[in-house]
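The next block holds one structure in the form of structure tokens; read it before the comments.
None of the figures in this text is laboratory data; all of them are computed from the coordinates on show. What you are looking at is a predicted structure, and each value in this text was computed from that prediction instead of being measured. As a convention, Cβ positions derive from the backbone with ideal geometry for all residues, glycine included, and neighbour counts pool all protein chains shown.
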Amino acid sequence: MERSLDSTLESVDHAEDLAVGLARRAGFDEEDLMKIGLAVRESMVNAVVHGNRYNTNKKVRFSASMNGSRFTVRIADEGEGFDYSHLPDPLAPENLLRTSGRGIFLIRSFMDDFHARRLEPAGTEVTLVKFAVSK
Amino acid sequence: MSVKLSTRQVGDVSVVDVAGRITLGEGSSALRETLREMVGKNQKKILLNLGDVSYIDSSGIGELVSGFTTVTNSGGQLKLLNLNKRVKDLLQITKLYTVFDVHDDEAGAIRSFA
């Protein structure tokens, strides 16, 4: 499934519902559905808030698919790009009491694969993968 | 509705019963405002009952941390009560479980403030 979504918090909820619905039909258990849902939510928040900065002229492209045992979600914004390779470790003692900076960590913890790439001329696309046989 | 917050007083402890979702937007800002208001009223002993929290995201976790810091810096104590598995798992994976004083029993939590 593919959707072009507005840069709103309602789109965050919508994308999470879409992804969890597809994953549920694909047979993931409740534990995995929670992980997929939260990972998609965090990725959508990054796209809407940090990428597109709630700009109503910018869209978030969302797609989700099940191919064999591989469940893949792609989320792309039209922002200025984000460097995912240099993020502070939220588990470091000096960062434990920070009020932000845990989203990407949770995505990486909950999915089997996560990567991001810059888009031309602008934007960032993240890919989230969960395998149905990962347990 | 994303989140419902109600406060009650048990002795000198202010208990905040939180129900629903603590996520970016209304949920996390409502929690922030409630805690700031309590600190503004010089309430030093605050117990957050999260038993009916159905969902929390990284923004919600950030608000718990922010609340903890705000209350602690004002000379008070903020403790957590009734974490469900989902919230507990998230606090453990983010290494925050040991930062908070977490209780499963309200009476025991109230006594721990003394």
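In the stretch A:76-115, which residue that is of a type in the set (D, E, K, R) and within 14 Å of chain B (Cβ to nearest Cβ) is nearest to residue A:7 (Cα to Cα)? It would help to see each step written out before you state the result.
Within the stretch A:76-115, the subset of a type in the set (D, E, K, R) is A:77-78, A:80, A:83, A:89, A:94, A:98, A:102, A:108, A:112-113.
Going one step further and asking which of them are within 14 Å of chain B (Cβ to nearest Cβ), we end up with A:89, A:94, A:98, A:102, A:108.
Details: A:89: 28, A:94: 33, A:98: 26, A:102: 21, A:108: 23 Å.
So, considering only residues that are of a type in the set (D, E, K, R) and within 14 Å of chain B (Cβ to nearest Cβ), the one nearest to residue A:7 (Cα to Cα) is A:102.
Conditions tested, residue by residue: (1) surrounded by 18 or more Cβ atoms within 10 Å (Cβ to Cβ); (2) on the phi < 0 side of the Ramachandran plot; (3) of a type outside the set (S, T, N, Q).
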site: A:12; (1), (2), (3): yes, yes, yes
site: A:15; (1), (2), (3): yes, yes, yes
site: A:41; (1), (2), (3): yes, yes, yes
site: A:46; (1), (2), (3): yes, yes, no
site: A:74; (1), (2), (3): no, yes, yes
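Could you go through the stretch B:69-87 and let me know if any residue there is within 21 Å of residue A:31 (Cβ to Cβ), surrounded by fewer than 19 Cβ atoms within 10 Å (Cβ to Cβ), touching a residue at least 12 places away in the same chain (Cβ under 8 Å) and basic (Lys, Arg). Spell out how you get there, then give the answer.
Step one: list which residues in the stretch B:69-87 are within 21 Å of residue A:31 (Cβ to Cβ), which gives B:82-87.
Imposing the further condition that a residue be surrounded by fewer than 19 Cβ atoms within 10 Å (Cβ to Cβ) reduces the set to B:84-86.
Still in the list and also touching a residue at least 12 places away in the same chain (Cβ under 8 Å): B:84, B:86.
Those still in the list that are basic (Lys, Arg) too: B:86.
There is at least one residue in the stretch B:69-87 that is within 21 Å of residue A:31 (Cβ to Cβ), surrounded by fewer than 19 Cβ atoms within 10 Å (Cβ to Cβ), touching a residue at least 12 places away in the same chain (Cβ under 8 Å) and basic (Lys, Arg).
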**Q.** Filter pass, residue B:66 being more than 24 Å from residue A:44 (Cβ to Cβ), small (Gly, Ala, Ser), buried (at least 18 other Cβ atoms within 10 Å of the Cβ) and in contact (Cβ under 8 Å) with a residue 12 or more places away in the chain
**A.** no
